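Asker: The structure is given below, and queries will be raised subsequently.
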Amino acid sequence: GGTMKRRAGEREKELKKKKLLEELGENKLPYLTPSDADFHQLWKTKYSKLSFRKSDTVPEELHQMVQESFLTLREHSCFFQDLVRIKGKDFLTPVSRILIGDPGCTYKYLNTRLFTVPWPTEGYDIKYCSPQIHDACKALMRLNDYLHIEAVKALQGQSLFETKEIKDTTVIDREQSFAISQTEQGSVSKDQSSVCVAEDDRSLKNRTSYNLTLLNYMDPLQMLYLKQEPYFGMGSMAVSWHHDENLVERSTVAVYSYSCEDSSVQESSERELKGRDPAVWHVGLKVAWDIETPGLALPLHQGDVYLMLDDLNMTHQHCVLAGLSPRFSSTHRVADSSRGTLEYILGRCELALQNLQTDSDSKALSLKSLEAAVVKQVEEIHNEVEFEWLRQFWFQGKRYLKYTDWWLKPMAKLEECWRKLEIMTSLVLSEVRKEQQIEEQRNETISCFLLLLMERQKLRKEWTAR
């Protein structure tokens, strides 16, 4: 039921989008940049959950470490275009990426699962192919810790202002909160505990404890073609309009941007232009499925940071507008790990294999139960292991093996589980062929079993074609 509703919602959105583009024709919707008079007023009223930090508020030592790590990863050819699946077709992303984060963590977007290159985490034995890769991962872990603290401060600041607005009859001017200095952030967080108790500490931690970062790299001048932004006429897009997927609800996304600017870009920035400067990278924002509210295009320079707080990622969409120079970004997320960690999938395997038993004398394998519910659960786990983990990993994940071999042992363990699950499928087939089965129970088992087997066959054909 949920899947059908979701598909219906997606179809409705597609029709809305098509209709909107037809209505617009050449007449684009308005959007504002910082040079427009109403920019800050629009930010305050319609985009208040976007928080921005100019590069000079970030410690210089951290800038240096992080920017060196970007260049190191590029030198070691660590960035790859992902092959993603949209509406049954495969596309290479214009942006090249690498996922770095907690050991055993994964991140799924557009039907593609990425596997973390683990950052050096205490208690884990992680070997890297070179000390430089180790140092780069460590630097990004440092950035992750820093952005976690910044996100907590930003959310506390937001709660403080909201509380004051409720208490006061007049609307408070919150403009300074968008370019808040470190000193001001400190004072906000100190006052927080006495003024606002609305934000539970545990909730704050859960929504800002980033477990991974998706690193992006693109050199626009190497791209033969970039899509043009369709609604506002904002220019070339590196990443189209989207909501970030697979995140903990209302969690903050923090982005550190590093564009390798040169003098030509600086000169271009000084020219008076209507709209956004096409030489400079921007993040674009719009209210989702809204044609009344103007969009926002915010310039991103070396070392700038922005945070999408609370439910901004759900209520709004964002895109990345390409400049002229190469750009790196580190996008820190609280990935929904309920179904995306190694610990989770190994637990699922353990659950399925509980239905397999070995005869102590003959060592022959057999199933403990042929109940439809048990068979269904085992075969669902079988499909999950094969298509969400093994095939996803060997399809694209193996490219990371030259940087670290951390995933090899877990994958070998999952393959061993998968082989046992294949045996269990064979055992179900041989059991339901036997005459002595009660017909009603047998039919129930066969019907649910066949559905999952057909699904497996269909998916295997799809993966073979890919």
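The values are calculated or read from the model by the stated rules, or taken from the named source; none is laboratory data. Note that the coordinates shown come from a computational prediction; the quantities given were computed from them, not determined experimentally. Counting neighbours? That spans all protein chains shown, and the Cβs are built from the backbone with ideal geometry, glycine included. Just the protein is used for accessible areas: all its heavy atoms, side chains included, with ligands, DNA and RNA removed. Shrake-Rupley method; radii C 1.70, N 1.55, O 1.52, S 1.80 Å.
Asker: Among the residues of segment 34-48, which ones are among the charged types (D, E, K, R) and either not assigned by the TED database to the domain that holds Leu312 or not in a loop (DSSP other than H, G, I, E, B) (or both)?
Answerer: Hits for segment 34-48 are Lys44, Lys46.
Asker: Taking segment 299-317, which residues are open to solvent by 10 Å² or more (accessible area, probe 1.4 Å), assigned to a strand (DSSP E or B) and in contact with a helix residue (DSSP H, G or I) (Cβ under 9 Å, 6 or more places away or on another chain)?
Answerer: Within segment 299-317, Pro299, His316 meet the criteria.
Asker: Determine, yes or no, whether Gln317 is touching a Lys or Arg at 6+ places or on another chain (Cβ under 9 Å) and without any contact (Cβ under 8 Å) to a residue 24 or more places away in the chain.
Answerer: For Gln317, the condition - touching a Lys or Arg at 6+ places or on another chain (Cβ under 9 Å) and without any contact (Cβ under 8 Å) to a residue 24 or more places away in the chain - is not met.
Asker: On the basis of being of a type outside the set (Phe, Trp, Tyr), assigned to a helix (DSSP H, G or I), surrounded by fewer than 15 Cβ atoms within 10 Å (Cβ to Cβ) and modelled with pLDDT of 90 or more, does Ile149 make the cut?
Answerer: yes
Asker: Right, something else. Quick one: in segment 219-238, which of the residues that are outside any loop (DSSP other than H, G, I, E, B) and out of contact with any Leu (no Cβ under 9 Å at 6 or more places or on another chain) is modelled with the highest pLDDT?
Answerer: If we take residues in segment 219-238 being outside any loop (DSSP other than H, G, I, E, B) and out of contact with any Leu (no Cβ under 9 Å at 6 or more places or on another chain), then Gln228 is modelled with the highest pLDDT.
Asker: Same structure, new question: Of the residues that sit in segment 380-408 and are over 22 Å from the mean Cα position of the chain (by Cα) and of a type in the set (A, V, I, L, M), which one is nearest to Asp82 (Cα to Cα)?
Answerer: Of everything passing the filter in segment 380-408, Leu408 is nearest to Asp82 (Cα to Cα).
Asker: Right, next: Check segment 397-415 and report whether any residue there is under 17 Å from Thr106 (Cβ atoms), open to solvent by 60 Å² or more (accessible area, probe 1.4 Å), among the hydrophobic types (A, V, I, L, M, F, W, C) and not assigned by the TED database to the domain that holds Ser96.
Answerer: yes
Asker: Same structure again: Could you please let me know if Ser77 is in the same structural domain as Met308 (by the TED database) and closer than 16 Å to Tyr400 by Cβ?
Answerer: Criteria met by Ser77.
Asker: Follow-up. What are the residues in segment 95-133 that are assigned to a strand (DSSP E or B), more than 15 Å from the chain's Cα centre (by Cα) and surrounded by fewer than 21 Cβ atoms within 10 Å (Cβ to Cβ), if any?
Answerer: Across segment 95-133, the qualifying residue is only Tyr128.
Asker: Output the number of the condition that Ser362 fails; it satisfies all remaining conditions of (1) over 19 Å from the mean Cα position of the chain (by Cα); (2) surrounded by 14 or more Cβ atoms within 10 Å (Cβ to Cβ).
Answerer: (2)
Asker: Being outside the structural domain of Ile100 (by the TED database), of a type outside the set (Asp, Glu) and open to solvent by less than 60 Å² (accessible area, probe 1.4 Å) narrows it down to one residue among Gln377, Gln441, Gln457, Gln392; which is it?
Answerer: Only one candidate qualifies: Gln392.
Asker: Something else: Do we find a residue being among the hydrophobic types (A, V, I, L, M, F, W, C) and in a strand (DSSP E or B) anywhere in segment 336-352?
Answerer: No; the residues of segment 336-352 include none that is among the hydrophobic types (A, V, I, L, M, F, W, C) and in a strand (DSSP E or B).
Asker: Can you pull out every residue in segment 71-94 that is hydrophobic (A, V, I, L, M, F, W, C) and surrounded by fewer than 16 Cβ atoms within 10 Å (Cβ to Cβ)?
Answerer: Within segment 71-94, Leu71, Leu83, Val84, Ile86, Phe91, Leu92 meet the criteria.
Asker: Residue by residue through segment 1-56, note down the ones that are within 24 Å of the chain's Cα centre (by Cα), modelled with pLDDT under 65 and open to solvent by 100 Å² or more (accessible area, probe 1.4 Å).
Answerer: Across segment 1-56, the qualifying residues are Met4, Lys5, Arg6, Arg7, Glu10.
Asker: Out of Thr341, Thr331, which single residue is under 30 Å from Asp219 (Cα atoms) and surrounded by 15 or more Cβ atoms within 10 Å (Cβ to Cβ)?
Answerer: So the residue among Thr341, Thr331 that is under 30 Å from Asp219 (Cα atoms) and surrounded by 15 or more Cβ atoms within 10 Å (Cβ to Cβ) is Thr331.
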